[in-house]
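Only one structure is covered here, and it is reproduced in the block below.
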Amino acid sequence: RQRVLLRGVLMAAWEAAWGQLRYSVPGEMPKGSFVGDVAKDLGLQLPSLSDGGVHILDKGRTQYFALHGKTGHLVTAERIDREQLCRLVEKCVLRCELIVEGKMEVYGIEVEITDINDNSPSFREAETELRLTETTAPGWRISLSEAHDPDVGRNSLQSYDLSGDEHFSLTVQMGPDGDQRPELVLAKGLDREEEAFHELVLKASDGGDPARTGTARIRVTVLDVNDNAPVFSQAEYAVRVPEDVPVGSTLVTVTATDMDVGLNGHVKYSFHKISDRESELFHLDSETGEITIKDHLDFEEISSHKLEVQARDGGELSDKAKVTISLTDVNDNAPELTVSSTLTAISEDAPSGTVVALLHVQDRDSMANGEVRCTLADGVPFLLEKSFENFYRVVTARELDREQVFEYNLTVRAADGGSPPLQSSAVLALRVLDVNDNAPVFSQERYSARVRENNAAGALVLTVRATDADWGQNARVRYRLGEGRVRGAPLSSYVSVQAETGALGMIVLQQPLDFEDMRVLSLPVEARDGGGLLAHSKVEVEVLDVNDNAPEI
């Protein structure tokens, strides 16, 4: 077995085409076994792996694989039982998705679980009792219970062998699906008085190396004549039902008749060929032939069930018929919308097409019931784009303006094509970060004030006001007196602007003014925000005369 596991690991191959990786690994490998070198195959850097920027997408189901953060290797997250996962399919493939958050990329990974010979053929019944009349002619044959081997390929069931008595031989018929159907053949006439019982052993072998075998004992009791076998009214029964048919409902009734009377004409029904899962779903009434539902059916799990029923009379003569139960899909699964990666904040000057979220959608239903359409609420500057298979991206449709809308709650809706459709939604909360794209604005382009001459230094002339539509430091306004001179002296020697006064700028005197020297004082004032954007205004100060000069003779 170790050689098989090693060969399976060495044969693991990858293919990176259109974002798809493929590997193969034998079943029953222990937890932590190497599957593939994802980092090498995708050209990823190990630092990004250890930082958690690359991870396997969690869909809320059993995770069979994990990504090793230090090596970038894809490893098994638990022991994988191929027969348990893929008992109904020839090729067992598990799928997962790898998210590279830094690049906003997603890669699909397919891992084929190859079979190992870890199961022996087994019979549903370890012992079978047959009853034959002593007048049964040589050449008579009866189908025997078939052995079951969950393995596939050469490791599955390959041959049957019979031992124990010269009166019987074994032939194997090939079914329409290529399955082997053992038949017990009477090779020599029976004589109950000479020998009343015949003990036989039926052995089933698979093709493994070494081969595994399973046996069933057959006890043949020789009876008197029962010359009519039951006959089904149909060789094959077919029925189609919706997957939500209630538990306990009768799906179909099989009927067989026997021309004999008494015990030899009493027919009992049983399943001749049925899987373990189907034996949990269906019940066959041995007396009436009614097939009823024992458990809920699921179209997404198995869409069609093929059974084989047997009618056996009291003399152990039998007939067989096939029963096919086909399910129609019901829209019983809402779309599953998962936010794989998202931003919580974005700058208002982010370029058009910036990706803000990556979403995955799936619907387990089929046909129109499983076709999902995703939409984004109208009236928002964002678009929803198809990314990879069932992945969508939410991108900006244009540059944003924080001064108009500072926060978005984006609702993405997924609806399937059922009637009525089932829906699901996800809400993305996104804050818009400020950029210094607005200069301060004065409340007036020009201010005017009147001041009496000889006012003391520190007297308030007037206040100016400028506002900025930006946020935080970008909206913080500081005031400053512009350059200029009056009568050879700088303006700052006459007045000053108080800069640290919040939203207002206070212009105060630095010295008393003299009407006889200066009638009007023109002041340029500027406002600067935290990002360095400027606004300018003019202040005209008229100096009023007071009677401070006596007449001169």
From C86, C92, grab the single residue that is touching a helix residue (DSSP H, G or I) at 6+ places or on another chain (Cβ under 6 Å) and either surrounded by fewer than 16 Cβ atoms within 10 Å (Cβ to Cβ) or of a type outside the set (D, E) (or both). C92
Among the residues in the stretch 344-364, are any under 30 Å from A229 (Cα atoms) and crowded, with 16+ Cβ neighbours inside 10 Å? no
I'd like the full set of residues that are out of contact with any strand residue (DSSP E or B) (no Cβ under 9 Å at 6 or more places or on another chain) and open to solvent by less than 60 Å² (accessible area, probe 1.4 Å), limited to the stretch 52-80. G52
Residue that is nearest to A469 (Cα to Cα) [pool: residues in the stretch 509-550 that are among the basic types (K, R) and part of a strand (DSSP E or B)]: R528
I'd like the residue in the stretch 377-426 that is among the polar types (S, T, N, Q) and not in a loop (DSSP other than H, G, I, E, B) and, out of all such residues, is farthest from A350 (Cα to Cα). Q423
Extreme residue, farthest from the chain's Cα centre (by Cα), among residues of the stretch 349-390 that are closer than 23 Å to E407 by Cβ and charged (D, E, K, R): D349
Selected residue (criterion: nearest to Q180 (Cα to Cα)) from residues of the stretch 265-298 that are open to solvent by 50 Å² or more (accessible area, probe 1.4 Å) and modelled with pLDDT under 90: K273
Name the single residue, out of those in the stretch 216-230 being crowded, with 16+ Cβ neighbours inside 10 Å and in a strand (DSSP E or B), that is nearest to the chain's Cα centre (by Cα). A216
If you check N390, N436, N454, N409, which single one turns out to be in contact with a strand residue (DSSP E or B) (Cβ under 6 Å, 6 or more places away or on another chain) and either in the same structural domain as D517 (by the TED database) or under 30 Å from G530 (Cβ atoms) (or both)? N409
Looking for something modelled with pLDDT under 90, of a type in the set (A, V, I, L, M) and open to solvent by 30 Å² or more (accessible area, probe 1.4 Å) - is there at least one such residue anywhere in the stretch 240-261? yes
What single numbered condition from (1) open to solvent by 20 Å² or more (accessible area, probe 1.4 Å); (2) over 21 Å from A456 (Cα atoms); (3) of a type outside the set (A, V, I, L, M, F, W, C); (4) in contact (Cβ under 8 Å) with a residue 12 or more places away in the chain fails to hold for G488? (4)
Take the conditions surrounded by 12 or more Cβ atoms within 10 Å (Cβ to Cβ), touching a Ser or Thr at 6+ places or on another chain (Cβ under 6 Å) and in contact (Cβ under 8 Å) with a residue 24 or more places away in the chain and apply them to K203. Does it pass? yes
Does R124 meet the test of being open to solvent by 30 Å² or more (accessible area, probe 1.4 Å) and at pLDDT below 85? no
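The values are calculated or read from the model by the stated rules, or taken from the named source; none is laboratory data. Note that this is a predicted model, so its numbers are computed, not measured. Neighbour counts are summed over all protein chains in view; Cβ atoms, including those assigned to glycine, are modelled from backbone coordinates with ideal geometry. With ligands, DNA and RNA removed, areas are computed over all heavy atoms of the protein, side chains included. Shrake-Rupley method; radii C 1.70, N 1.55, O 1.52, S 1.80 Å.
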